[in-house]
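The values are calculated or read from the model by the stated rules, or taken from the named source; none is laboratory data. For clarity, every value in this text was computed on a predicted model and none was experimentally measured. Here the Cβ positions follow ideal geometry from the backbone for every residue, glycine too, while neighbour counts run over all protein chains shown. Calculation scope for accessible area: heavy atoms of the full protein, side chains included, ligands and nucleic acids excluded. Shrake-Rupley method; radii C 1.70, N 1.55, O 1.52, S 1.80 Å.
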Amino acid sequence: MLQLQFFGLIRLLLKREALELAWTEGDTVQRVLDRVQVQVAVPFIQKLIDDQGTPHPGTIILVNRRNILHLQGLQTPLADGDTLAFFPPGAGG
Amino acid sequence: MSATGAERYARQVLHWGAEKQQQIQNSSLLVAGVGGLGATVSQLLVRAGIGHLYLVDDGVLDWPDLNRQTLYGEKDIGRAKLSLARERLNQINSATRIIELHGRIDDAFQVPAGVDGVADCLDNYRSRFLLYRALAAGTYFVHGGLDGDNGQVLTLLAGQSQPFDEVFAGALQPQGSIPVTPDNVVVIAGLMVNELFNVLWKTPKMLDRCLVVSLADFSMAFLEV
């Protein structure tokens, strides 16, 4: 299984803080996002990724605590048991 | 008019005891930014009796600052926040030694040696990344940030934790002004100060755990980093 955690505005948008998804051979962050989109029935991918498939500045995606920008981005491969976190941090002070 | 430490700190010592109070008074912190978060963070630290407080900020007070920057008022518009902050903090507690660090946080910025921790009260990620890179290994870094009803607090230990700019890679500054309200600023600043005390007592509670707060539904959740 994959554990998904949603924080901040993403959690408020989806009205849920976590989701468990079955892991499939060959899963990547992108593929999981596509499955989540179907499951939650709330248009949220465009909040995370632009039309070119690039993550928007402002939302960080962590796989097992590591930012995907330091892994393989949306093509980061996922293993059974991985945890994904989606978090748009506040920038103001 | 003056008061003994025993009188001044009597109510908080009832809560955390004399030993922890002494640790606060023996400690030294850097507050980076004395705007929304920094004005309240520095104020609470001084009220609690922090021994040494370094401040860095290069801003000048403007009208949109007054909704949340709790050290300042209308007559201060146009003045440098750094000197204003020092002036106001000294009025609150003259026992704290306050040291102004002039200039911007850039590649050349150096964190004073011997500080027990750094409070990131900045308002943009570029400066935050530069500040983190300026930390000596073993220095605690307490980050705060907010946007509207949401905010976060995170503690990292330089040299041991994942670097701040790796965790927050991609957290670039949005275009234009960020919505910031007085209530959420004080909530996040209060949480930061609570954690700064924990850092000074060597019991940080948010080390490598980002506390994500939303006033929209009064929720708090930890994001492990």
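Scan the stretch B:72-104 for trypsin sites (Lys or Arg not before Pro) in coil per DSSP, keeping those whose Cβ has at most 16 other Cβ atoms within 10 Å, and list them by number.
B:R79, B:R104
Filter the chymotrypsin sites (Phe, Trp or Tyr not before Pro) in the stretch B:125-225 down to the DSSP loop ones having no more than 11 other Cβ atoms within 10 Å, then list what survives.
Within the stretch B:125-225, the qualifying chymotrypsin sites (Phe, Trp or Tyr not before Pro) (loop, at most 11 other Cβ atoms within 10 Å) are B:F218.
Could you tell me which of rounded, prolate or oblate describes the stretch A:1-66, using a ≥ b ≥ c as the square roots of the eigenvalues of the alpha-carbon gyration tensor, with rounded for a/c under 1.5 and, failing that, prolate when a/b is larger than b/c and oblate otherwise?
rounded
Among DSSP bridges having both ends in the stretch B:5-224, what percentage is antiparallel? Round to the nearest 5.
Just about 50 percent of them are antiparallel.
Put +1 on the Cβ of every Lys and Arg and -1 on every Asp and Glu Cβ in chain B; which of B:Q173, B:Q21, B:A6 then has its Cα farthest towards the positive end of the dipole?
B:A6
Quote to one decimal, in nm, the extra length available between A:T83 and A:Q30 on full extension: 0.36 nm per residue of separation minus the C-alpha distance between them.
Difference between extended and current length: 17.7 nm.
Under 20 Å from a label point 7 Å along Cα→Cβ of B:D58: give me every residue in the stretch B:126-164 with its amide N that close.
Hits in the stretch B:126-164 for B:D58 at 20 Å: B:126-135.
Which helices pass in chain B if a helix is a full DSSP H run, must span at least 20 angstrom along its long axis by Cα, and must have mean Kyte-Doolittle hydropathy not below -0.5?
B:182-200
Residue by residue through A:49-62, how many Cβ atoms from other chains fall within 10 Å of the Cβ on average?
Rounded to a whole number, the mean comes out at 3.
Before rounding to the nearest 500, sum -39500 (n - 2.57) across all DSSP H runs of length at least 4 in chain B and divide by the residue total; then give [θ] at 222 nm in deg cm²/dmol.
-10500 deg cm²/dmol
Counting only other residues whose beta carbon sits under 10 Å from that of B:G36, what net charge do I get with K and R as +1, D and E as -1?
Here the count lands on -1.
How much of B:D123 can a 1.4 Å solvent probe reach, expressed as accessible area in Å² and rounded to 10?
Using a 1.4 Å probe on the heavy atoms, I get roughly 90 Å².
Under 13 Å from the Cβ of A:G81, count the other residues' Cβ atoms, weight Lys and Arg +1, Asp and Glu -1, and hand me the total.
Result for the neighbourhood of A:G81: -4.
Using only the Cα atoms of the stretch B:5-224, build the gyration tensor, take square roots of its eigenvalues as a ≥ b ≥ c, and label the shape rounded, prolate or oblate: rounded if a/c is under 1.5, else prolate if a/b is larger than b/c, else oblate.
rounded
For chain A, what does -39500 (n - 2.57) per DSSP helix run (n ≥ 4), summed and divided by total residues, give at 222 nm, in deg cm²/dmol to the nearest 500?
Calculated mean residue ellipticity at 222 nm is -6500 deg cm²/dmol.
Give, as a single signed number, the net charge of other residues whose beta carbon lies under 13 Å from the beta carbon of A:M1, with Lys and Arg counted +1 and Asp and Glu -1.
Charge balance in the 13 Å sphere: -3.
Separation of the stretch B:152-196 and the stretch B:75-129 by C-alpha centroid, Å?
The distance from the Cα centre of the stretch B:152-196 to that of the stretch B:75-129 comes to 17 Å.
Starting from the Cα-Cα distance between B:R47 and B:W16, subtract it from 0.36 nm times their residue separation and give me the gain in nm to one decimal.
Length gained between B:R47 and B:W16: 9.7 nm.
Check which residues have an amide H placed less than 5 Å from A:G90's amide H, if you skip close sequence neighbours.
B:Q152
I want to check the label-to-label distance for B:L66 and A:K47. Put each point 7 Å from Cα in the C-beta direction and report it in nm to one decimal.
Roughly 3.6 nm, to one decimal.
Using a Förster distance of 22 Å, how high is the FRET efficiency between B:T4 and B:N26, based on the Cβ-Cβ distance and rounded to 0.05?
0.80
Report the extension gain between B:A136 and B:D107 in nm, rounded to one decimal, defined as 0.36 nm multiplied by the number of residues separating them, less their alpha carbon distance.
9.0 nm
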